[in-house]
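Each value in this text was obtained by applying a stated rule to the coordinates, not by laboratory testing. A quick note: this is a predicted structure, and the numbers were derived from the prediction, not measured. With ideal geometry, Cβ positions are generated from the backbone for all residues, glycine too; neighbour counts draw on all protein chains shown.
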Amino acid sequence: MRKPIIAGNWKMNLSLEHGFGLASEIKWMVSDEVSSPIEIILIPPFTHLAGIQSLLKGSVVKLGAQNCHHEKSGAYTGEISAEILKSVGVTYVLVGHSERRIYQNESNALLAKKIDRVLENGLKPIYCFGETLEQREAGNEFEINLMQIQEGLFHLTNLQIQNVILAYEPVWAIGTGQTATAQQCQAMHKFVRNALSDKYGEEISNSISILYGGSMKPNNANELLSCEDIDGGLIGGASLESRAFLEIIKTIG
């Protein structure tokens, strides 16, 4: 049985003060209102990580980072390594988020190196993949997503892949006015699980969590999370408001 996962990606939002306030609210609301075994992850800006980790002590809520560098260390001003993230209590690291693929031109080959750095430090990568509107309209969405997964992850061993979480981001349905239906999302999740099964076997494939990362909100969470192969959500905007985030979590438990 795959454990449900709800991760809140704050992106480049919230001052330190407001971030601490939101994390504190979520910590106590989870303690009071959530009893089911759900993995809950907060992914704030780098500047907030150490302080929020201290704030979350004693809580079931885990800490994630939005990115890491593909090298272990070195003269890379403005970057951060997986080893540094581990030292401040991070458990999860986003790799290949659609916004970094677009704005920083991150390739699948580069992301494969980041995956290696995350895993060798005992952290868990959340590997993001997804197609653009142009790719979907051209009918290439399955081919594109398979390539992103193969080039980013399929160098991993059977043991390593079991420490990876995947997150499907239909880029065309995020902030565009377009809507991805639950049926479209389930179809892609099922396709990816089958690809993992072909590579690593059915037992391993069925143990890997695949999250949905396309504008999940309280009003659509139940329909999406009811799908067989959608194991949770990578939440953006709704994670910046404690009650909205909690309502998504409570959809599961």
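When the criteria are applied in full, Leu156 meets the requirement of being surrounded by fewer than 21 Cβ atoms within 10 Å (Cβ to Cβ) and not hydroxyl-bearing (Ser, Thr, Tyr).
For a quick check of your reading: which helices (runs of 4 or more DSSP H) sit entirely within the range 1-111 and have at least 1 residues that are farther than 18 Å from Leu234 by Cβ?
On the way: elements: 16-33, 49-55, 82-87, 98-103.
Counting at least 1 such residues, we get 16-33, 49-55, 82-87.
Within the range 170-219, being without any contact (Cβ under 8 Å) to a residue 24 or more places away in the chain, within 27 Å of Ala244 (Cβ to Cβ) and touching a helix residue (DSSP H, G or I) at 6+ places or on another chain (Cβ under 8 Å) holds for one residue alone: Thr179. Taken over the range 68-97, residues that are under 20 Å from Tyr168 (Cβ atoms) and surrounded by fewer than 20 Cβ atoms within 10 Å (Cβ to Cβ) amount to 0.
In the range 152-167, which residues are over 12 Å from Pro125 (Cα atoms) and of a type outside the set (Phe, Trp, Tyr)? Walk me through it before giving the result.
In the first step, residues of the range 152-167 are kept if they are over 12 Å from Pro125 (Cα atoms); the result is 154-159.
Scanning the range 152-167 gives His155, Leu156, Thr157, Asn158, Leu159.
Just give me the residues in the range 196-227 being among the aromatic types (Phe, Trp, Tyr) and under 15 Å from the mean Cα position of the chain (by Cα), in sequence order. Outline the logic, then answer.
To start, the set of residues in the range 196-227 that are among the aromatic types (Phe, Trp, Tyr) comprises 200, 212.
Once the filter is applied, which keeps residues that are among the aromatic types (Phe, Trp, Tyr) and under 15 Å from the mean Cα position of the chain (by Cα), the range 196-227 yields only Tyr212.
If you check His69, His48 for being without any contact (Cβ under 8 Å) to a residue 40 or more places away in the chain and under 21 Å from Leu123 (Cβ atoms), only one passes: His48.
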